[in-house]
Amino acid sequence: MKRLFWGTCVVVLALAAGSFAQGTKWTGFYVGINAGSAGGTSHATTTTIFSPTGYFATTSPPAIAIAGAQRLRPRGFSGGGQVGFNFQMSHFVLGGETDFGAMDMNDSRVSSGIYPCCVTTGFTVRQSVRTNWLFTARPRVGVTLGPVLVYGTGGWAMTHTNYNALFIDTFATAHENALVKKNLTAGTFGGGAEVHFTKRWSLKGEYLYANFGTVSTTSTNLTAKFGSTVIAFPTNVFTHSDDLNMHLFRAGVNFRF
């Protein structure tokens, strides 16, 4: 993930050194494409409660909570297009950029435990998270030195997440599941470097960070099978939650009108 970013920065500096003497104007509209990789951390939890009329013994919910605390590390590809505008004042550049594209980060974890009340039986918790796309809208502020622009950026980001949780056991073939599909918004910030290698074409390397917060849901769909009979236990309410942040490293090419 980081190799692409740092490799692009090396290319940017090399191009800058080769074209330092050329005068470059940054004012104007531009469009471009980008590609890179994204990764982050995601803390997923699955918990339930004891109920006198429910399925679990009093010692079961704490054991499920331990197995249900999982740390996911979603990774994946990012790529898309951007459009923006720059306005140059001496060595300073002000502008704005918006981009949209694929961001396929995903990961899953499986944890198992033993029921303290019934040590010959156990349970399994599986949780997964996935994102589909990324949209950002950000102002940029930078300083130029000939064809080189070094900038900071911060603004707004949106992605779509798919969080899935599953609980099963071997005591009575218990089953419970939950699914959250939701668009998440967050502030985003980062920075990068961009260099013109011709009058209209430029190459950039960029890093962005965003914390999309937490999604959560509850379910009452726990069932267990005793013989040929399936019984529902809605009083054993399950709570599932997952948070998500993003580190994005990408390279891009822009064409200025």
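The values are calculated or read from the model by the stated rules, or taken from the named source; none is laboratory data. In this text, all values refer to a predicted model and were calculated from it rather than measured experimentally. Positions of Cβ are generated from backbone atoms using ideal geometry, with glycine treated the same way; all protein chains shown enter the neighbour counts.
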Subject >> Residues being touching a Leu at 6+ places or on another chain (Cβ under 8 Å), aromatic (F, W, Y) and either over 24 Å from G39 (Cα atoms) or surrounded by 15 or more Cβ atoms within 10 Å (Cβ to Cβ) (or both) - total across the range 169-209 >> reply: 3
**OP:** Could you tell me whether any residue of the range 120-142 is in contact (Cβ under 8 Å) with a residue 40 or more places away in the chain and not in a strand (DSSP E or B)?
**Re:** no
Original post:
For the range 210-222, how many residues are in contact with a Phe, Trp or Tyr (Cβ under 6 Å, 6 or more places away or on another chain) and hydroxyl-bearing (S, T, Y)?
Top reply: 1
Original post:
Can you spot a residue in the range 146-156 that is farther than 30 Å from T46 by Cβ, modelled with pLDDT of 95 or more and hydroxyl-bearing (S, T, Y)?
Top reply: yes
Original post:
Mind checking which pairs have a first residue in the range 231-243 that is under 28 Å from T161 (Cα atoms) and a second that is assigned to a loop (DSSP other than H, G, I, E, B) and of a type in the set (D, E), Cβ under 7 Å, 6 or more apart or different chains?
Top reply: none
Original post:
Restricting to the range 216-230, what's the tally of residues that are free of Cβ contacts under 8 Å to residues at least 24 places away in the same chain and out of contact with any strand residue (DSSP E or B) (no Cβ under 7 Å at 6 or more places or on another chain)?
Top reply: 4
**OP:** Check every one of the strands (runs of 3 or more DSSP E) wholly within the range 180-257 and list those with 1 or more residues that are at pLDDT 95 or above and on the phi > 0 side of the Ramachandran plot.
**Re:** 201-219
Subject >> Within the range 210-246, considering residues that are surrounded by 17 or more Cβ atoms within 10 Å (Cβ to Cβ) and closer than 30 Å to F85 by Cα, the one nearest to the chain's Cα centre (by Cα) >> reply: M246
**OP:** Might you check whether a residue that is touching a residue at least 40 places away in the same chain (Cβ under 8 Å), over 13 Å from the mean Cα position of the chain (by Cα) and in a strand (DSSP E or B) occurs anywhere in the range 52-65?
**Re:** no
